[in-house]
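The values are calculated or read from the model by the stated rules, or taken from the named source; none is laboratory data. Just so you know, these numbers come straight off a predicted model, no measurement behind them. Backbone-built Cβ (ideal geometry, glycine too); neighbour counts: all protein chains shown. What goes into the accessible areas is simple: the full protein's heavy atoms, side chains included, and nothing from ligands, DNA or RNA. Shrake-Rupley method; radii C 1.70, N 1.55, O 1.52, S 1.80 Å.
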Amino acid sequence: MDIEDVRDDIKKVLLTKEQIQRKIRETARKVDEDYGGNNLVLIGVLKGAVNVMTALMGYMHTTCPIGFMSLSSYGEGFESTGRIRVRSDLNVDVEGKDVLIVEDIIDSGNTLHWLEGYLLENKKAKTVNVFPLLSKPSRRKWDIFIKYPGYEIEDEFVIGFGLDYKECYRNLDSIAVLKPSVYQQERM
């Protein structure tokens, strides 16, 4: 879906399709250099990471299994509750393997902090690293090492390329800031 289809809901475009693809292509090259031939597993957190994971795999030459988890720390609100709820557990074995968590965005870091520990302690992963397409350092509550940094953004409500508002806008091919008028009534 092109940004023009929802331009009335968009405050501004942060990242174009080309910028997103360039960053993901560069990251895929680095992942191939670091893990080529090793026992790598890609893990995505549903639903937001699907677009990023699909694009990353398309540029990678390293063959590896993938897995998904569905986690939530937001409930029905706009702010993280800090408690992680597992909606759907990991569907691939990571014991003794290198794991790359592919994320759409790191906000507070609550979910990612929990997931790193879960994969290392409970699932016995050898290593865990992270590639988020987007990161909001101003909202970070945990010190998280990001081996493959994407784009750092300001604290704005972003949509597109997997990011949603009420399950909509995920299919935009760019990242945009949603106008507050679209969601502000619900915050009151």
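Below are the figures for this structure:
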read-out: Residue in the range 76-96 that is at pLDDT below 95, part of a loop (DSSP other than H, G, I, E, B), in contact with a helix residue (DSSP H, G or I) (Cβ under 9 Å, 6 or more places away or on another chain) and aliphatic (A, V, I, L, M) present; value: yes
read-out: Hits in the range 133-153 - residues which are aliphatic (A, V, I, L, M) and either part of a strand (DSSP E or B) or surrounded by fewer than 15 Cβ atoms within 10 Å (Cβ to Cβ) (or both); value: Leu133, Leu134
read-out: Of the criteria (1) farther than 25 Å from Leu172 by Cα; (2) open to solvent by 30 Å² or more (accessible area, probe 1.4 Å), which one Leu90 fails; value: (2)
read-out: Complete set of residues in the range 33-49 that are part of a strand (DSSP E or B), closer than 17 Å to Glu95 by Cα and out of contact with any Gly (no Cβ under 7 Å at 6 or more places or on another chain); value: Leu40, Leu42, Gly44
read-out: Single residue of the range 154-172 satisfying the filter (surrounded by fewer than 18 Cβ atoms within 10 Å (Cβ to Cβ) and either touching a residue at least 40 places away in the same chain (Cβ under 8 Å) or part of a loop (DSSP other than H, G, I, E, B) (or both)) that is nearest to the chain's Cα centre (by Cα); value: Asp164
read-out: Any pair with Cβ under 8 angstrom, 6 or more apart, that starts in the range 16-34 at a residue that is among the basic types (Lys, Arg) and ends at one that is in a helix (DSSP H, G or I); value: Arg25/Tyr59; Arg29/Tyr59
read-out: Subset tally (residues that are in a loop (DSSP other than H, G, I, E, B), in contact with a strand residue (DSSP E or B) (Cβ under 7 Å, 6 or more places away or on another chain) and surrounded by 17 or more Cβ atoms within 10 Å (Cβ to Cβ)) for the range 107-132; value: 1
read-out: Qualifying position, being more than 21 Å from His113 (Cα to Cα) and either in a strand (DSSP E or B) or modelled with pLDDT under 95 (or both), among Thr63, Thr54, Thr27; value: Thr63
